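Just below is one structure, and these are the notes that go with it.
The values are calculated or read from the model by the stated rules, or taken from the named source; none is laboratory data. No experiment lies behind these values; they were computed from the predicted model shown. Virtual Cβ from ideal backbone geometry, glycine too; neighbours counted across all protein chains shown. Surface areas here come from the heavy atoms of the whole protein model, side chains and all, with no ligands, DNA or RNA. Shrake-Rupley method; radii C 1.70, N 1.55, O 1.52, S 1.80 Å.
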Protein chains: 2
Amino acid sequence: MVDYHHLLKLALEEAKKGLSEGGVPVGAILADQEGNVLGRGHNMRVQEGDPTIHGETAAFKNAGRQRGYKNKILVTTLSPCWYCCGLIKQFNIGQVVVGESVNFKGGQDWLVEQGVNVIDLKDAECIEMMRDFIANNQELWFEDIGE
Amino acid sequence: MVDYHHLLKLALEEAKKGLSEGGVPVGAILADQEGNVLGRGHNMRVQEGDPTIHGETAAFKNAGRQRGYKNKILVTTLSPCWYCCGLIKQFNIGQVVVGESVNFKGGQDWLVEQGVNVIDLKDAECIEMMRDFIANNQELWFEDIGE
């Protein structure tokens with residue numbers, strides 16, 4: 001049995017790294033079905049001036065080229081935006097684990113409709129971190145989600 | 001009036017550059033509403049071992065941080081996959097111009113349902129280039145679209 005809470009802890013470490021760098025604190029992990037980490041990363045909009053690197057795409061990118069994602073697990077501190085939901089659908093990532101969807105909810109329900117397994121851990125630390133970040137960085141946050 | 005055919009020609013140049021590098025030949029341009037190029041790029045899965053760089057995300061990335069995409073134009077040689085459609089939806093890109101959707105069609109119809117303007121130029125050169133590429137590189141192509 002894969003310990004999703006442990007993987008979320010690693011994703012949260014990534015998010016905090018992003019925060020300490022002055023960036024958007026969303027972190028993610030791509031793992032195999034045994035829970036081994038294949039890639040990890042965090043949002044790099046500020047750090048690299050690159051609007052394509054969300055937490056989820058960073059973890060996906062850092063896992064390198066893979067042949068098939070059906071048996072992979074994507075763990076993210078925040079409910080994935082539509083961009084990251086598109087990634088999940090296109091590459092048929094089988095399992096998604098979400099830290100929280102209180103502060104933002106993109107296409108999470110749509111993913112479920114598409115047949116993706118989604119677990120929302122409703123993690124208190126993820127909720128608090130993101131709530132504080134959005135309250136203190138509204139312009140950056142809305143830029144990151146295109147609003 | 002923006003000349004979409006001219007912008008598609010530039011996107012096709014990008015796709016051909018990708019092909020000459022041994023990569024997946026999909027190229028794209030992000031332009032402003034006057035047709036000025038903000039970013040251009042092509043798929044870099046093979047060249048950089050990076051599965052997140054599709055033509056569309058490359059152009060988006062290379063345009064750097066932008067505040068709002070409603071009045072931007074994304075021109076791509078091939079109908080965008082779900083990953084790139086997610087990008088378009090999340091960032092509210094107002095206009096999408098597609099070179100062709102004969103060899104592959106991702107979420108193009110879904111984008112229209114979401115209120116995105118999509119024009120399909122049904123370009124003969126794009127169709128031929130992609131048909132040849134897929135016929136000769138099936139494994140790489142299916143890897144790139146997660147199948």
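The table below lists the values:
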{"read-out": "Residues that are surrounded by 24 or more Cβ atoms within 10 Å (Cβ to Cβ) and either farther than 19 Å from A:Lys61 by Cα or touching a Pro at 6+ places or on another chain (Cβ under 8 Å) (or both), drawn from the range B:55-79", "value": "B:Glu56, B:Phe60, B:Ile73, B:Leu74, B:Val75, B:Thr76, B:Thr77, B:Leu78, B:Ser79"}
{"read-out": "Test: residue in the range A:128-145 that is in contact with a strand residue (DSSP E or B) (Cβ under 6 Å, 6 or more places away or on another chain) and open to solvent by 80 Å² or more (accessible area, probe 1.4 Å)", "value": "no"}
{"read-out": "Criterion: under 19 Å from B:Val37 (Cβ atoms), touching a residue at least 60 places away in the same chain (Cβ under 8 Å) and among the acidic types (Asp, Glu) - qualifying residue of B:Asp144, B:Asp123", "value": "B:Asp123"}
{"read-out": "Boolean, A:Phe91 is in contact (Cβ under 8 Å) with a residue 24 or more places away in the chain, aromatic (Phe, Trp, Tyr) and more than 23 Å from B:Cys85 (Cβ to Cβ)", "value": "no"}
{"read-out": "Count - residues of the range B:23-41 that are over 12 Å from the mean Cα position of the chain (by Cα) and either of a type in the set (S, T, N, Q) or open to solvent by 10 Å² or more (accessible area, probe 1.4 Å) (or both)", "value": "7"}
{"read-out": "Candidate set from the range A:42-52 (those that are more than 10 Å from chain B (Cβ to nearest Cβ) and either open to solvent by less than 50 Å² (accessible area, probe 1.4 Å) or part of a strand (DSSP E or B) (or both)); member that is farthest from A:Lys16 (Cα to Cα)", "value": "A:Met44"}
